[in-house]
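The values are calculated or read from the model by the stated rules, or taken from the named source; none is laboratory data. For clarity, every value in this text was computed on a predicted model and none was experimentally measured. Note: ideal-geometry Cβ built from the backbone for every residue, glycine included; neighbour counts use all protein chains shown. What goes into the accessible areas is simple: the full protein's heavy atoms, side chains included, and nothing from ligands, DNA or RNA. Shrake-Rupley method; radii C 1.70, N 1.55, O 1.52, S 1.80 Å.
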Amino acid sequence: MTSTQAVDEIVRSEYEHGFVTEIASDTLPPGLDEGVIRAISARKGEPEHMTEWRLQAYRHWLTMPTPAWASVHYPPIDFQAISYYSAPKRPEDAPKSLDEIDPALLETYEKLGIPIEEQKALAGIAVDAVFDSVSVATTFRSTLAEAGVVFCSISEALHSHPELIKQYLGTVVPFTDNFYAALNAAVFSDGTFVYVPPGVRCPMELSTYFRINARNTGQFERTLIIADAGSYVSYLEGCTAPQRDENQLHAAVVELIALEDAEIKYSTVQNWYPGDAEGRGGIYNFVTKRGDCRGARSKISWTQVETGSAITWKYPSCILRGDDSIGEFYSVAVTKGRQQADTGTKMIHLGRNTRSTIVSKGISAGEGEQTYRGLVRIAQRAAGARNHTQCDSLLIGDRCTANTFPYIEVKNPTASLEHEATTSKISDDQLFYCRSRGLTEEDAVSMIVNGFCKEVFNELPMEFAVEAQKLLSISLEGAVG
Amino acid sequence: MLSVKGLRANVGENEILKGLDIEVRPGEVHAIMGPNGSGKSTLAHVLSGREGYSVTGGSVTFEGQDLLALEPEERARLGLFLAFQYPVELPGVNNTYFLKAALNSIRKSRGQEELDAVSFLRLIKEKLKILHLDDSLLKRAVNAGFSGGEKKRNEIFQMALLEPKLAILDETDSGLDIDALRVVADGVNALRSPQRAMLVVTHYQRLLDYIEPDIVHVLAKGRIIRSGGKELARELEEKGYGWVLDQEQAA
């Protein structure tokens, strides 16, 4: 087999996690107006101020044009053709334990190789599984409760911790921020809420597995994580999705707030359906993720492994407001077939002696298009701010593209910035060297790609790093040999 | 073990090998010497299955199998090893991990049990001892940032670990100073055994001061024009390649 053939096969390998679970859904008819927003708010039993907030966001959204600056191409989205709410059948008697969960749902997790029971036992992870829009399983509540950690769905938090929601929701990503953030604020169905009290080190990794499952339903998640002074929390987010014919829009908003001396580590492994060989039917992933290092010496670290979606458009960012605060961004993004990704980060240095690190690894195969877009902004009062950026692209085959757009704005002369960028290809020499030692071409590609991504995988929690490597293998070598 | 008969191979339109014959039996060390452009590296590459060469005639049998019909990894699993003239860098790929994956893929193909981390480390330590190498190479990425000498030593170390039946050393002496050359040659000598054959491809005689061949072949213009004992190498060193070439032409 020539290496070109092998690369073609790698590139053509089909999405392995494509299947649909039959679960009866309680879904609103497609369309969006103030009535739909009131209906969503009413179904969730929200207080009046939330309904108002949603409506304000919706009215603002109506005034905004669809953004067109990203280096991605797709037909215009008909927002009236999307259904904005879908919940599993019995929201009023949500299951108390795994025994009560619809067996078809559990089976789906089994197919994905992520059995909840096993995770519970093995990793000590509390799982808040979001299946479609409403949380259906939350475990390890008691252990977390003992530590005083709140880990629940946003809808639940609206009732149990209304003061925290009121104080923090929309303060990092206001609904005026961008088109999709406004849409999300108007129609978000559910998501995760985490609050870690002062001085508490969260006793376990918190994890949510998102899955888009109801046909033709856009998913609008909202995540809010607050680490109070001196606390620490590590949050894992992982996604897979069933195979689909029509495009699905996913416009999530994630807000992180770290107060004085607090640290938040947010890790994502994303493997949504990327579409077929022509790019039909894949997920549109337009996400706003932002962390606010509000207190002095606070730290927020984003780690992401993005292998799925037809279009990925996201920039997990850090606002380094507190003096001596630290922001980090570690990313692996894979595009193959017709996948497009415009991703990167923003590091906004406001406080003194703030530090940020950006490590971005882009892998492009087939006709994949990938763009790294990053902004490092040093504000006038951010004396002594430092940034190090490293941006590497790896090309597989000769029909893919990789672009890098680093934006730098420096308004303080004491700042220090470093930027390194490389673009490389997996060479025939490398493949031959590996094969002459008895390894198949498939193993060789996987080994070289994993080596390329190592710095990022090292940042992931152990059990997630294993999963990330598995996803990378599924993405790049599934059908070779 | 290895039987090359009338081998012809092209790079693009150019015929590089023009009817080459070699017979190698277990335990033998053959040296293939020749001037630049004679086809030495082409021979090493064609035997190991590198792309970019088209075989237009002749046959190669290795361990009773048609070698040319096999993929490079199948040749490796059958017991063929190529020590590269220019070992390739694999940034980020840990050397130990790479070696373990390679050894286990070969073991698996032979129906042997794959080695776990503990037994593999024990094996590595044993091989390092035989070759008098320290373990500093193990923690680094494969060949990445290695000096010329380190790269060549790493090749020999891989050879020790994979225990091939036939090892082809492609200009292993190139770019080595005399001390590095001695370390590498000592390693190769430690791996000589009655079951293992070696094909030492070199431009200079000096490597053969350290690795003593049983048979020396002179390769010129794509063919073996002369074969003899180790004294042939010395004669070549004194009289130069012009000497055999003239004799060949006179004949």
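Springs join every pair of Cα atoms under 10 Å in this Gaussian network model of chain B, and among B:129, B:151, B:230 the largest mean-square fluctuation is at B:129.
Projecting the Cα positions of B:205, B:49, B:224 onto the charge dipole of the range B:2-250 (unit charges on Cβ atoms of Lys, Arg, Asp and Glu, taken about the Cα centre) puts B:49 furthest along the positive direction.
A simple spin-label model places pseudo-atoms 7 Å from Cα toward Cβ; at residue A:420 and residue A:77 they are separated by 3.7 nm. In the range A:146-203, the portion of solvent-accessible area held by carbon and sulfur atoms comes to 52 percent [1.4 Å probe, whole percent, DNA, RNA and ligands not counted]. When the Cα atoms of the range B:2-250 are aligned to their principal axes, the ranges along those axes come out at 61, 39, 34 Å in descending order.
As a quick test, which of the pairs A:265/B:100; A:361/B:100; B:127/B:151; B:129/B:152; B:100/B:127; A:425/B:127 have an alpha carbon distance above 24 angstrom in this structure?
Flagged as over cut-off: A:265/B:100; A:361/B:100; A:425/B:127.
Look at the stretch B:70-77: the mean tally of other chain Cβ atoms within 10 Å of its residues' Cβ atoms is 5.
Kindly compute the accessible surface that chains B and A hide from a 1.4 Å probe when together, both sides summed, and give it to the nearest 100 Å². Counting both chains, the buried surface is close to 2100 Å². Given axes a ≥ b ≥ c from the Cα gyration tensor, I'd like to know whether the range B:118-196 is rounded (a/c under 1.5), prolate (a/b larger than b/c) or oblate. Judged from the Cα gyration tensor, the range B:118-196 comes out oblate (a/c at least 1.5, b/c at or above a/b).
Our estimate of slack between residue B:227 and residue B:193, defined as 0.36 nm per intervening residue step minus the Cα-Cα distance, is 10.0 nm. Heavy-atom accessible area with a 1.4 Å probe sorts A:330, A:433, largest first, into A:330, A:433. Between residue B:238 and residue B:147, the contour length at 0.36 nm per residue exceeds the alpha carbon distance by 29.6 nm. Counting, for every residue in A:451-463, the Cβ atoms of other protein chains within 10 Å of its Cβ and taking the mean gives 2. With a ≥ b ≥ c taken as the square roots of the eigenvalues of the C-alpha gyration tensor of the range B:32-113, please select rounded if a/c is under 1.5 and otherwise prolate if a/b is larger than b/c or oblate if it is not? It comes out oblate by the Cα gyration axes. Note on residue B:65 and residue A:429: with the Förster distance fixed at 25 Å, the Cβ-Cβ geometry gives a FRET efficiency of about 0.45.
Taking a ≥ b ≥ c as the square roots of the Cα gyration tensor eigenvalues, the range A:358-423 comes out prolate, since a/c reaches at least 1.5 and a/b is larger than b/c. Rounded to the nearest 5, the antiparallel percentage of DSSP beta bridges internal to chain B is 55%. Label positions at residue A:470 and residue B:134, each projected 7 Å from the Cα along the C-beta direction, are separated by 4.1 nm. Averaging the sequence gap over all C-alpha pairs within less than 8 Å and six or more residues apart, then dividing by the number of residues, gives the range B:2-250 a relative contact order of 29 percent. Here the simple spin-label model places points 7 Å from the Cα toward Cβ, and for residue B:118 and residue A:163 these points are separated by 5.6 nm. Close amide H partners of residue B:223, meaning residues 5 or more places away or on another chain with modelled amide H under 5 Å apart, are B:18. Residue by residue, what Karplus-based ³J(HN,Hα) values in Hz, rounded to whole numbers, does the range A:334-343 have, using 6.51, -1.76 and 1.60 with θ = phi - 60° and x for Gly and Pro? Taking θ as phi minus 60°, the curve returns 10, 10, 9, x, 9, 5, 10, 9, 10, 9 Hz for the range A:334-343.
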